[in-house]
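The structure appears below as structure tokens.
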Amino acid sequence: MSSVDRQQRSRTARRRVRASLARRRRRERLFRAAGLLATAAGLAFLGMFFASLIAKGASAFVQTHVLLDVETPVAALIDPVDPVGQADPIDLIDPVDPDALVNDSLRELFPLVTSRNDRRQLARLLSIDAGESVRRALVAAGAEAGTRLSIWVPAAATVDMLSKGQLDPDVEERLRPLSDVQIAWVAQLKGEGRLKKRFNSALFTNGDSREPELAGIRGALMGSFYMLLVTMALAFPIGVAAAVYLEEFAPRNRWSAPFGRLIEVNINNLAAVPSIVFGLLGLAVFIDWLALPRSAPLVGGLVLSLLTLPVIIIASRAAIQSVSPSIREAALALGASRMQMVFHHILPQALPGVLTGTIIGMSRALGETAPLLMIGMVAFIVDIPGGFTDPATALPVQIYLWADTPEPAFAERTSAAILVLLGFLLVMNLAAVVIRQRMENKV
Amino acid sequence: MNDPNVIEPGGVEASADGPGDPGRRSDTVSPRSAVAEQITEFGRIPVGNVRCEDPFIIAENVNAYYGDIHAIRNVTLEIAKSEVIALIGPSGCGKTTFIRCLNRMNDSVEHARVTGRITLDGQDIYERGLDPVVLRARIGMVFQKPNPFPKSVYDNVAYGPRIHGLAADRAELDDIVHGSLERAGLLKEVKDRLDEPGTELSGGQQQRLCIARTIAVNPEVILMDEPCSALDPIATARIEDLIDELAEDYAIVIVTHSMQQAARVSRRVAYFHLGMLVEVDETDRIFTNPQHKLTEDYITGRIG
Amino acid sequence: MQDTTLLLSLTVLALAGFYAGRGRALALVGGPARGRRLHSLPGYYGMFLAMWCLLPPLTLLLAWSLFEGRVITLMLIEGLPDAQRSMSAGELNLLVNNIQNLAVGDAVSVEIDAVLREASSRYRLLQAESRRLLTVLCLGLATLGAVSAWRRIRPEFRARNRVESTVEFFLLLASSIAVLTTIGIVMSVLFEALRFFQQVSIVDFLFGLNWSPQTAIREDQVGSSGSFGIVPLLTGTLLITVIAMLVAVPVGLMSAIYLAEYSSQKVRAAAKPMLEILAGIPTVVYGFFAALTVAPWVRDAGEAIGLDVASESALAAGLVMGIMIIPLVSSLSDDAIKAVPGDMREGALALGATRSEAMTGVILPAALPGIVGGTLLALSRAIGETMIVVMAAGLAANLTANPFEAVTTVTVQIVTLLVGDQEFDSAKTLAAFALGLVLFVVTMTLNVVGLNFVRRYREQYE
């Protein structure tokens, strides 16, 4: 090939490269834009997700209350059973029907409302729990006869929605849960300063309820708490022990190598088995075969333990693997047995990684729903569970139950419960991040 | 201080606090300044002659930084149209960084920055609007470790022509592939294995495949970054023969650790030390009669 | 409470055993000063004794608690009059429930008669008897163990090795739980599924085009064929999964590419963990979002362009499921891209390839096995995902490929069949296990193949 020929070919090549440039630059820009768009879409979804949750759920942390003036009944003081006033004040007030006190107070506020039907409508502005609030307030105040007390009682969910702007008063009357006259009364209460949004403590102190304004997540939180306690007590020690065995003690000769592969594949596969299948296992083994109680945090915790075990084992193995071999050799060279080497030297070094993995496993367990449906933790449970075998539900299941409720007032409470759940998950994951960072700093 | 646009024929003076264009330089305090003094105690560097007849690539006052690290200090060097120039020097002296400046491979390294002026055939390659794609089609590069793509031998060689649209049809592409493999002295060995993965060839064959891949694009310059350091002596000898043949048509800039290799294949040699160009000269001259003490130390094996 | 007392006394016994064992070992060689004449550290002798004192009764306690309920129930049924014993399984079950409720003072669903009262007092008696027996046996075992261990302690006795091999045994036991879980899953799902196939032909199940398990509730129709055809469930699952993958794979892959190739380090450091937040959000939250936000939005959007969209359309569930899977695809693709050696990319760029050409022409083909493996894992996740579809997909088993219609999935049907009270003999309940078997087999195949892809791919470049 002559030099001239080569220069000729080189020039041709350069011309063709230039000719291709415009098309290639356009494709490059498109490709880059597609990547940016994909990343932005993922982040935008995340933002939208949290924005909509907060927008929907924030209002559930407050609840509309109505201020009632209640006169402490004389009846309470002349209780014949306890003339000297020794008994618990609760017993003293019981003879008086607190609902009647509420009605009296309403009559005072709306003297012009007289018809039986209207009075019933008026009472519906307040939560059915209003009487109970009044009773509690009277007891707390020490209830001296004849004194007037101003008490904030929860409003009905419909009034709550109206005052939060979730109910459109311009809709045709028969299509909305509040009548025109009821809306007028609410406006009057508001004008008198007797309508106010206060912190919704019921959300955190009550169990589930059919009434939105009374429904709380305390029961679900306790259920989740007991479950995680069981999971933690089982999955953490077993997971770490399994990881230690597989990394340090499992025989590694030619005969057992395929066996080791099998365990490896088995654990990795188990980590990817759909959680609902674990629910089926729990149902068949724990409920049907072992006759453990349904809906119990104990069984939920057992199922979640099996579910999180692979996560903890995988993380712990990785943490143990990352301990430097020189520590191993140094310990063995000093005459430590393998067991002493593991428990005195390797595990303390691997602990941060193990803990991080455990926390991530626990946070996965906290958000898990499907397997709990299989073992009967979806019941409507008002009572707050007090132990491992009490019927209970869990926070994510509560979210599922509320999301399924047709009552529109539950929508914001569902969002609020989700925010609480995400808050817990955030704290757990932050803890994992902090531990991981500490570990990295130490090394 | 020198005007960056006017290069004195004898070279430029390197000083501890850095010469060149003060407006373009950011770090004036360098941890290496003590060593730099040692380099320059001999006087002005580089010694020898950075100029050549009919220069094709001209690098003037090139500085390169990786973050805070000043990897190339004020290097000026000319490279002719068809010559083999070897860059030698101890590890970390900036030889590789320097050739990566020539085809702008440092662009994709985060925090990397290059100042100074490099022209190819009279055109500034760092000019705004110049597409590195065009530049790299003209300046090919062969890497230290053979890096064939995980594709067939044929597709490896055809990759460049395909992306650049160099072949109008399949027949022309076949021609380019066969021609390039022939040129790289590989055709005979792989004629019947064109559909097998390039990664299954031997190390030396892989490196020749990479050379074939590079010349398939019809470049004018080939940069070689220690192309034989991962190969056995026989494969090395074949590559060196190949470089000899290619030298007829291409300007070749080869970075090497081996002084024997530099002596065997190159017409000129440039000695780098700690990011500075210390000495440039005809190969014979530099190996028989080095001017700078550091060059002499390196050649006689006192610096490794 | 009794359990706690028992556990507490066992702990005290074990502690006492520890000090006794250590003391005996030291006494045998003549005091702490000459402790070096012992084979192991004195503490190991203590641990050895404590172990023997604690482990046998604890094993018994565990086994007892697991089987106590069943045994007592059996004994209770044995003692019932013949009239009650010949009742059907369901009625008997109800009766036993009532007896137990009466015994603990809970509400009872039938009138309390003499039989019930007698049985419940017998139940209480059995329970008390069982507890007493357990306590005696446990404490007896503990003493027995302690004494026999005590007598084995000699200066040359290799206590450390004994303790360590016991610990090792427990470590082995722990690691076998993972295997046992898999076996448990297979067994429980398989056995119930086989019972199901005794009632419904496996051919009808696998190839039937009609799914309506509700008809089986009527006693006279139990096992009626034709209503347990799984095909519409499979197509429904497939439809939603395909939609999810159409969202997740392009978005996940492209964002992984963008973050690996184009974005600055700062953007990458911020965006990656943020995308991973998506993976940590519980699926029930996605389900809520799908049902309350995305589904109405899809329906409105469909109506706006004149389409008839079901309120529980496959599209809404699929879209949200796709979003859920984005981080999985993204992080697995990122791993695969990162595993391709950097000099491939450099080689392509040095030939004059643009970044996108280097990516699509060299890096992605090289990373393909890893990406395919990751996609299979994502597919498995989508198929097994439950809460999103339970909340946002329908219940009706429509055989359709129209994403605007409502379809149902395997997981939705499992939940529907099993939530609420179940009779373990009805075809309806057993069908859920048959579905579970299908789900397990499909996802396990995808997992094993996917993991294998990923592993082999990693080894290729290591």
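The values are calculated or read from the model by the stated rules, or taken from the named source; none is laboratory data. Keep in mind that what you see is a predicted model, and the values were worked out from it rather than measured. Cβ atoms come from the backbone with ideal geometry, glycine included; neighbour counts cover every protein chain shown. Ligands, DNA and RNA are stripped out before the accessible areas are found, and what is left, the full protein with its side chains, is counted by its heavy atoms. Shrake-Rupley method; radii C 1.70, N 1.55, O 1.52, S 1.80 Å.
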Other residues with Cβ under 14 Å from the Cβ of residue C:174 give, with Lys and Arg +1 and Asp and Glu -1, a net charge of -2
Over chain C, with every protein chain in place, what whole percent of the accessible area is carbon and sulfur at 1.4 Å, could you tell me? 65 percent
Pseudo-spin-label distance residue A:71 to residue C:93, built 7 Å along Cα→Cβ, given in nm, is 6.0 nm
Work out how much length residue C:128 to residue C:115 would gain on full extension: take 0.36 nm times their residue separation and subtract the Cα-Cα distance, in nm to one decimal. 2.7 nm
Could you derive backbone 3J(HN,Hα) for region B:173-185 from the dihedral phi with the Karplus parameters 6.51, -1.76 and 1.60 (θ = phi - 60°), listing whole Hz in sequence and x where the residue is Gly or Pro? 4, 4, 4, 4, 4, 5, x, 5, 5, 4, 4, 7, x
Whole-percent pair-distance distribution, where bins are 5 Å wide, for the alpha carbons of region C:227-461: 1, 7, 13, 15, 16, 14, 12, 9, 6, 4, 2, 1, 0, 0
Could you tell me how far the Cα centroid of region B:114-142 sits from the Cα centroid of region C:129-199, in Å? 73 Å
Under 17 Å from a label point 7 Å along Cα→Cβ of residue C:16: give me every residue in region C:58-76 with its amide N that close. C:58
Principal axis dimensions, the protein assembly as shown - Cα atoms, whole angstrom, descending: 123, 93, 68
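Filter the cross-link list B:81/B:293; A:56/C:272; B:81/B:188; B:95/B:151; C:272/C:338 down to pairs whose alpha-carbon distance in this structure exceeds 19 Å.
Beyond 19 Å between Cα atoms: B:81/B:293; A:56/C:272; B:81/B:188; B:95/B:151.
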Would you compute, from DSSP H runs of 4+ residues alone, the mean residue ellipticity of chain C at 222 nm, taking -39500 (n - 2.57) per run and dividing by the full residue count, rounded to the nearest 500? -25000 deg cm²/dmol
Hey, can you find the accessible area per residue of chain C for me, probe 1.4 Å, expressed in square angstrom? 46 Å²
Would you mind pulling out the separation of the Cα centroids of region A:127-205 and region C:33-74, in Å? 61 Å
Enter the accessible area per residue of region B:177-304 (Å², integer; probe 1.4 Å; all protein chains in place). 39 Å²
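Where in chain C are the DSSP H helices whose C-alpha atoms run 30 Å or more along the long axis and whose mean Kyte hydropathy is at least -1.0?
Membrane-span-like by this criterion, though nothing is claimed about a membrane: C:2-29, C:42-78, C:114-152, C:159-199, C:231-257, C:314-339, C:427-461.
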Please say if chain C is rounded, prolate or oblate, where rounded means a/c under 1.5 for a ≥ b ≥ c the square roots of the C-alpha gyration tensor eigenvalues, and otherwise the choice is prolate for a/b larger than b/c and oblate otherwise? oblate
1/(1 + (r/R0)^6) with r = Cβ-Cβ of residue B:170 and residue A:18, R0 = 22 Å, i.e. FRET efficiency to nearest 0.05, evaluates to 0.45
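Given N residues in region C:3-157, what is its alpha carbon radius of gyration divided by 2.2 N^0.38 Å?
After normalising by residue count via 2.2 N^0.38 Å, the value is 1.58.
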Give me the log10 of I(q) over I(0) for chain A at q = 0.09, 0.10, 0.12 Å⁻¹, as the Debye formula computes it from C-alpha points; what are the numbers? -0.82, -0.91, -1.08
Excluding ligands and nucleic acids, what accessible area in Å² is computed for residue A:309 using a 1.4 Å probe, to the nearest 10? 10 Å²
Given the C-alpha centroids of region B:176-190 and region C:347-361, what is the distance between them in whole angstrom? 22 Å
Pairs of Cα atoms under 8 Å, at least six residues apart: use those to get the relative contact order of chain C, whole percent. 16 percent
Taking the Cβ-Cβ separation of residue B:237 and residue B:284 as r and a Förster radius of 22 Å, what is the calculated FRET efficiency to the nearest 0.05? 0.55
For region A:264-349, what does the convex hull of the Cα positions come to per residue, in cubic angstrom? 124 Å³
Interface buried area C-A, accessible surface with 1.4 Å probe, both sides summed, nearest 100 Å², comes to 6700 Å²
Protein chains only, probe 1.4 Å: how do C:297, A:289, C:211 rank by accessible area, largest first? C:297, A:289, C:211
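What FRET efficiency comes out for the pair residue A:434/residue A:318, r = Cβ-Cβ distance, R0 = 22 Å, nearest 0.05?
Approximately 0.75, to the nearest 0.05.
Calculate for chain A the 222 nm mean residue ellipticity that helices alone would give, adding -39,500 (n - 2.57) per DSSP H run of length 4 or more and normalising by residue count, nearest 500 deg cm²/dmol.
Only helices count here, giving -20000 deg cm²/dmol.
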Expected output is a single nm value to one decimal: the length gained when fully extending between residue A:180 and residue A:210, i.e. 0.36 nm times separation in residues minus the C-alpha distance. What is it? 8.3 nm
